[in-house]
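Notes follow the structure.
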Ligand SMILES: *Cc1c(COP(=O)(O)O)cnc(C)c1O
């Protein structure tokens, strides 16, 4: 690995040359089943023909003009996201953290424009992940990420997940919004039950707070519907998207109601790159595929098959898998061994997963994966489980002796 790269990541010693559907290939031809999807990003798999064609054609025409000009592709993507969600307006940026920053700015501006500038605080939840910018570190409130970066950005209060009493107690006259992931991703695929999401919506209504849903990971079909909030039958005031939105092209978005973004005027928020022609072309191409009739039925059908198969592995290998959880293709295995050992064991069988908190490994296949490739994945994961189980039994025997 190059000495020139800053040592921000503990990278696996693997490099890929190309990808096709759910598979990644190294330069020397080794094939891996990609159940990491670049951390829930490549929602349509690798080299999807429709995305490749759209990007190739656009690349030959125009890449970037800035938001000083009209961008028809941006208007089109905004229109489609609005049509298929609760929202009235969309804003485009480049990443999840940037989308969340913008969401908090919009919420603060909403109250300040209404003559209530004292309402600026945002309540977030233990185990959350909202990104790595200074303010999103404060929102995330993970000691490990905050350490050494100076004073924590002001204005975030934290309560335990799924504790409505604590949430109510944390609300003060300074509270502007509640920000939550419908299913915590980095936190280890920890779900917020439907009735809790509904209660949070109601609490926000009662206290006239804005509800911000961070759907950076859960959005764009990951859970088997376009947006995870649809399962709960509630709507947020503001929602953020990124990961799957561009199918691998960096793009983020903030969706809001007209009311929630009523404080925003020309000049209050902006970005140079956000919503550029290439990113919007990618986003539109992703939506072309996801909005095809039956797309989400297919995701739900194949993901329940996959989950069932994983649950069978959990039954068969109780010394290896403690629990399988999640929704759609946003799944995690809670491991009985160290999660990075589980991740390494399935990688030895050429299946890629992503570790998360609470000793989990996320399995996030592309939404388009055919059942036969899921079946192959299960076989390979089972081979890893057999080895881990044999090792666990050997270790236990060694301890007993
Ligand atoms: C990944 C993630 C983010 C941060 O997105 P970046 O693009 O890495 O800035 C924020 N929120 C959630 C829920 C995420 O999963």
Qualifying positions in the range 291-309 - out of contact with any helix residue (DSSP H, G or I) (no Cβ under 7 Å at 6 or more places or on another chain) and under 18 Å from residue 360 (Cβ atoms): 303, 307
When you scan the range 227-236, do you find a residue that is within 17 Å of residue 123 (Cα to Cα) and in the same structural domain as residue 60 (by TED's automatic domain parsing), even just one? yes
Do we find a residue being surrounded by 16 or more Cβ atoms within 10 Å (Cβ to Cβ) and more than 16 Å from the ligand (Cβ to nearest atom) anywhere in the range 92-100? no
By residue number, the members of the range 175-205 that are within 19 Å of residue 118 (Cβ to Cβ) and over 15 Å from the mean Cα position of the chain (by Cα) are 175, 176, 177, 178, 204
Verdict on residue 72 being more than 26 Å from residue 328 (Cβ to Cβ) and either at pLDDT 95 or above or surrounded by 15 or more Cβ atoms within 10 Å (Cβ to Cβ) (or both): yes
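Residue by residue, here is whether (1) touching a helix residue (DSSP H, G or I) at 6+ places or on another chain (Cβ under 9 Å); (2) part of a helix (DSSP H, G or I) holds:
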{"site": "362", "(1), (2)": "yes, no"}
{"site": "366", "(1), (2)": "yes, no"}
{"site": "369", "(1), (2)": "yes, no"}
{"site": "375", "(1), (2)": "yes, yes"}
{"site": "378", "(1), (2)": "yes, yes"}
{"site": "381", "(1), (2)": "yes, yes"}
{"site": "387", "(1), (2)": "yes, yes"}
{"site": "392", "(1), (2)": "no, yes"}
Which one is surrounded by the most Cβ atoms within 10 Å (Cβ to Cβ), of the residues in the range 120-151 that are assigned to a strand (DSSP E or B) and within 12 Å of the ligand (Cβ to nearest atom)? 124
Only unsatisfied item for residue 284, checking (1) in a helix (DSSP H, G or I); (2) crowded, with 21+ Cβ neighbours inside 10 Å; (3) in the same structural domain as residue 104 (by TED's automatic domain parsing), is (2)
Residues that are in contact with a helix residue (DSSP H, G or I) (Cβ under 9 Å, 6 or more places away or on another chain), over 29 Å from residue 19 (Cβ atoms) and within 14 Å of the ligand (Cβ to nearest atom): find the helices (runs of 4 or more DSSP H) completely inside the range 152-263 holding 2 or more of those. none
Looking at residue 103, is it in a helix (DSSP H, G or I), within 13 Å of the ligand (Cβ to nearest atom), touching a strand residue (DSSP E or B) at 6+ places or on another chain (Cβ under 7 Å) and over 27 Å from residue 363 (Cα atoms)? yes
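The values are calculated or read from the model by the stated rules, or taken from the named source; none is laboratory data. The model shown is predicted, which means the values in this text are computed figures rather than measured ones. Neighbour counts are summed over all protein chains in view; Cβ atoms, including those assigned to glycine, are modelled from backbone coordinates with ideal geometry.
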